[in-house]
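The values are calculated or read from the model by the stated rules, or taken from the named source; none is laboratory data. All values derive from a computational prediction rather than experimental measurement. Every residue, glycine among them, receives a Cβ derived from its backbone with ideal geometry; neighbour counts consider all protein chains shown.
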Amino acid sequence: MAQKPEDGDPLEPEPSCRPGQTSARRPPLTPKAPSRTRPLFSTPLLFCLAVLLCGCSLKPSYQRPALPVPQHYPEAGHDNGAAASLPSWTAFFADPELKRLISRALEQNRDLAVARRKIEEARAFYGIRRADQLPGISAGARAERSRTPADLSVTGQAITGNLFEAGLFLASWELDFWGRVGSLKEAALESYLSSIEARRAVQVSLVAQVAQSYLVERELSERVSLAKATIQSREESFRIARRRFEVGSASKLDAVQAETLLNQARAELPALMRLRALNLNALALLAGEAVSLAPLPLSAVEQDFIAAIAPGLPSDLLLNRPDVMAAEHDLKAANAAIGAARAAFFPAIALTGSFGTASSELSGLFAAGSGAWSFAPAISLPIFQGGRNAANLGLARARECEAVAGYERVVQRAFRDVADALAQRHWLAEQVEAQRATLAAQTERTRLARLRYDTGAATYLEVLDAERDRFVAQQALVQTRRALLSAGVELYAALGGGGDAEEGTPEKGASRPRAGGIPKGEAKP
């Protein structure tokens with residue numbers, strides 16, 4: 001029986017990380033007594049004993065925290081109760097040029113490459129932890145020659161001796177009676193699974209960023225085309241106004257006002273070209289190489305740019321959002337670390353041994369009767385650690401509370417992302433309709449102002465104001481149309497980004513594939 005640790009009781013109820021919840025006290029675990037009908041150190045008995053002892057755990061039972069978000073999204077409309085079914089990005093986006101860019105980005109983006117390397121790192125660390133559960137057996141041989149001086153020899157004469165030894169050696173193997181090694185392995189497994197979800201989160205973000213930059217490129221292409229057409233129109237207006245001034249049918253003020261309107265349009269063009277160059281640089285960074293896109297207006301890709309999606313209920317986020325799943329794996333890892341910290345309060349049992357041959361002469365190393373073996377079980381009992389074990393347990397519990405808060409924060413952020421995207425889509429759709437009506441009214445106003453000026457019923461200032469407002473309305477409408485498409489991309493990313501057969505990411509509701517290097521049955525500990 002384990003002594004009552006001076007640092008405190010490791011099985012005391014957990015401090016409350018979640019309102020109204022505490023972990024139940026786990027009773028001490030005791031192994032079954034070994035059978036006396038067989039030799040004490042027989043191989044079958046040792047195997048059964050190891051299996052028995054390694055099956056216990058002091059890890060608290062895991063409970064997923066309740067979702068700290070409302071039951072329904074605002075602005076979701078009639079789609080709020082529909083199940084979210086997200087296609088892969090290859091099915092969600094219809095534009096072939098965008099699909100090509102996304103494919104290149106998934107192959108060459110350095111942020112995604114770093115995320116993949118982190119998966120390999122976490123998997124290797126998990127392999128180390130898993131190996132700790134198994135006995136380490138090595139083969140070796142050694143030769144030793146020594147001389148004992150006469151004053152140290154029991155015979156009173158100097159002795160020169162040889163030792164030759166070969167065999168199998170069992171390194172110090174801890175019998176995981178309290179589940180310490182198993183808890184550490186489980187924590188490493190959850191960290192590995194978290195890194196997989198983190199990579200998927202980077203991929204979803206990358207796909208969304210490429211799509212957003214592509215939409216900005218098409219928006220700027222259309223705005224540049226509008227600016228160039230406006231410059232051509234105003235150049236003609238300025239030519240007419242200047243000619244009228246030269247023949248005396250109009251004042252110089254009209255010519256100056258026409259020139260001012262022309263220069264304003266000319267100043268807008270380089271500003272748009274600058275934004276376009278910056279956006280192409282950003283797109284090149286995402287794609288991992290230089291990007292060259294043919295100028296194409298937004299209207300050319302606007303129709304059926306993305307597939308229709310329904311937001312579903314907030315609980316669907318747990319099935320789709322990779323950052324939420326990663327946060328839950330981190331929470332499970334912190335929960336498993338508590339089991340390892342608890343086990344440090346109890347005795348540790350380790351086995352060391354060897355089996356082989358030994359002789360004082362090399363020629364007799366494998367002769368009959370040269371067999372040698374040793375078996376050295378050891379037990380260590382923590383008596384006084386200066387509060388180290390209690391501090392480690394307190395640290396593990398504090399980290400679990402931190403992981404709970406982090407999980408809830410991620411869920412709340414995910415909920416807000418979806419709610420924001422829904423609000424964007426709802427109100428931007430209405431804004432687009434209003435701006436279309438505004439542009440139509442501004443176009444008619446410009447036509448009427450031009451007629452009034454041509455008939456002498458108004459000054460050129462009225463034409464100037466109408467032309468300026470119409471150009472602003474054109475630019476604003478293009479920006480809002482792009483923002484509406486961007487809101488659809490944001491909603492897709494906020495809901496988890498769907499699956500991707502190329503990356504092995506499961507679709508919503510599908511069973512997750514067993515990660516490489518994880519034994520069957522351990523993907524969901």
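Go through segment 311-365 and give me each residue that's polar (S, T, N, Q) and over 30 Å from Arg64 (Cα atoms).
Step one: of segment 311-365, the residues polar (S, T, N, Q) are 315, 320, 335, 352, 354, 357, 359-360, 363.
Scanning segment 311-365 gives Thr352, Ser354, Thr357, Ser359, Ser360, Ser363.
Just one of the listed residues (Thr443, Thr455) is of a type in the set (Ser, Thr, Tyr), surrounded by fewer than 19 Cβ atoms within 10 Å (Cβ to Cβ), within 24 Å of Leu262 (Cβ to Cβ) and touching a Lys or Arg at 6+ places or on another chain (Cβ under 7 Å), and it is Thr443.
For every residue, the table says whether it meets (1) among the aromatic types (Phe, Trp, Tyr); (2) surrounded by fewer than 13 Cβ atoms within 10 Å (Cβ to Cβ); (3) not assigned by TED's automatic domain parsing to the domain that holds Gly496.
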position: Leu163; (1), (2), (3): no, no, yes
position: Leu168; (1), (2), (3): no, no, yes
position: Tyr192; (1), (2), (3): yes, no, no
position: Ile196; (1), (2), (3): no, no, no
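Here is a yes/no grid of residues against (1) crowded, with 16+ Cβ neighbours inside 10 Å; (2) over 22 Å from Leu491 (Cβ atoms); (3) of a type in the set (A, V, I, L, M, F, W, C):
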residue	(1), (2), (3)
Leu262	yes, yes, yes
Arg266	no, yes, no
Ala271	no, yes, yes
Leu278	no, yes, yes
Ile309	yes, no, yes
Pro314	yes, no, no
Ala334	yes, yes, yes
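Kindly indicate whether Tyr492 is of a type in the set (Phe, Trp, Tyr), in the same structural domain as Leu215 (by TED's automatic domain parsing), touching a residue at least 12 places away in the same chain (Cβ under 8 Å) and under 28 Å from Ala258 (Cβ atoms). It is false that Tyr492 is of a type in the set (Phe, Trp, Tyr), in the same structural domain as Leu215 (by TED's automatic domain parsing), touching a residue at least 12 places away in the same chain (Cβ under 8 Å) and under 28 Å from Ala258 (Cβ atoms). For Ile102, the requirement of being touching a strand residue (DSSP E or B) at 6+ places or on another chain (Cβ under 9 Å), part of a helix (DSSP H, G or I) and either touching a residue at least 40 places away in the same chain (Cβ under 8 Å) or among the acidic types (Asp, Glu) (or both) is met. Applying the criterion of being surrounded by fewer than 20 Cβ atoms within 10 Å (Cβ to Cβ) and hydroxyl-bearing (Ser, Thr, Tyr) to the residues of segment 369-425, the residue that is farthest from Gly497 (Cα to Cα) is Ser370.
A search for C-beta distances below 9 Å between a residue of segment 270-285 that is closer than 15 Å to Arg218 by Cβ and any residue that is polar (S, T, N, Q) and exposed (fewer than 13 other Cβ atoms within 10 Å of the Cβ), counting only pairs 6+ apart in sequence or on different chains, returns Leu280/Ser292.
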